[in-house]
Structure formats: C-alpha cells, structure tokens
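Here's the structure we're looking at; comments come further down.
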Amino acid sequence: MPIKTALRRARRDAREGMKPTTQAGEFVREEMKRLHEGSGNVRSRRQAIAIGLSEARRAGVRLGVPKKGSASAATRRHARRDNAIAAGRLKVSPSRSRGAKKAARTRRASL
C-alpha cells in the first residue's frame, strides 16, 4: 500500500510537469527508507527499487513496461499487471495478497 506522503509528492510532481520516472522516485524513496529502517519486508536495494516502481505503477504513475532486452519476461509481465490494476482493468488477487502478507510475517518472525 503506497504511503500517503509518497502519493502526495508524486501527484505534486505530476502537476509540476515532471517526468513519470521522477514521480516514481518518490515511491522508491519511501521503500529505501523502509530498507534502512530494517522493516523486514525489503531485503535489498534492488528489491526496494522494484517494489517502489510497482507501487508507483499501481498508484497511476504512467511508467511504461520495460523494453524486451532490458528486463526479464517476468518483470515485463508484472509491470503490465500493475498498469492494468492502476487502470482498473484487473483486480488485485486476494489469495496472492494473503500469500505476500504471510511471507512477510514469517520473515519478520524468523528475524
């Protein structure tokens, strides 16, 4: 779930006419903060960036799907899914959501 401050900053960036990557940077910044705090959900810088970009896409930032050579098929598939969720063409899967929450809880318990 995107943090309200990141959403507010991203929308401000959009109003000011900044590029979508700059808008998405606000979400990545929040994930980096979680990484440094040691929340347990984010395990690396690369994962923090991926989660931030995913949240940005789901919040409606108009990031495109990565090009074929620069990202794996799974990454492109997830990006398309996030864009569809943002556009309202697809709903978030409840079972997938539950699984992610459970994994985070078990990771937190083992730390």
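The values are calculated or read from the model by the stated rules, or taken from the named source; none is laboratory data. Keep in mind the model is a prediction, meaning the values are calculated, not measured. Neighbour counts are summed over all protein chains in view; Cβ atoms, including those assigned to glycine, are modelled from backbone coordinates with ideal geometry. Areas reflect the complete protein model, heavy atoms only, side chains present, ligands, DNA and RNA absent. Shrake-Rupley method; radii C 1.70, N 1.55, O 1.52, S 1.80 Å.
Restricted to region 1-11, and to residues that are basic (Lys, Arg) and open to solvent by 100 Å² or more (accessible area, probe 1.4 Å), which residue is nearest to Val61 (Cα to Cα)? Among those that are basic (Lys, Arg) and open to solvent by 100 Å² or more (accessible area, probe 1.4 Å), it is Arg11. Using the structure shown, decide if Ala24 is open to solvent by less than 40 Å² (accessible area, probe 1.4 Å) and modelled with pLDDT of 95 or more. Yes. Can Glu31 be described as acidic (Asp, Glu), within 25 Å of Arg105 (Cβ to Cβ) and in contact with a Gly (Cβ under 6 Å, 6 or more places away or on another chain)? Considered against the rule, which asks whether it is acidic (Asp, Glu), within 25 Å of Arg105 (Cβ to Cβ) and in contact with a Gly (Cβ under 6 Å, 6 or more places away or on another chain), Glu31 comes out as yes.
Among the residues of region 89-100, those identified as open to solvent by 60 Å² or more (accessible area, probe 1.4 Å) and closer than 25 Å to Arg8 by Cα are Arg89, Leu90, Lys91, Val92. Residues that are assigned to a helix (DSSP H, G or I) and among the charged types (D, E, K, R) were ranked within region 67-89; the one that is nearest to the chain's Cα centre (by Cα) is Asp82. When His78 is tested against (1) surrounded by 14 or more Cβ atoms within 10 Å (Cβ to Cβ); (2) more than 25 Å from Ser93 (Cα to Cα); (3) not β-branched (Val, Ile, Thr), only condition (2) is not met. If you filter region 27-61 down to residues that are outside any helix (DSSP H, G or I) and at pLDDT 90 or above, you find that the one that is surrounded by the most Cβ atoms within 10 Å (Cβ to Cβ) is Val61.
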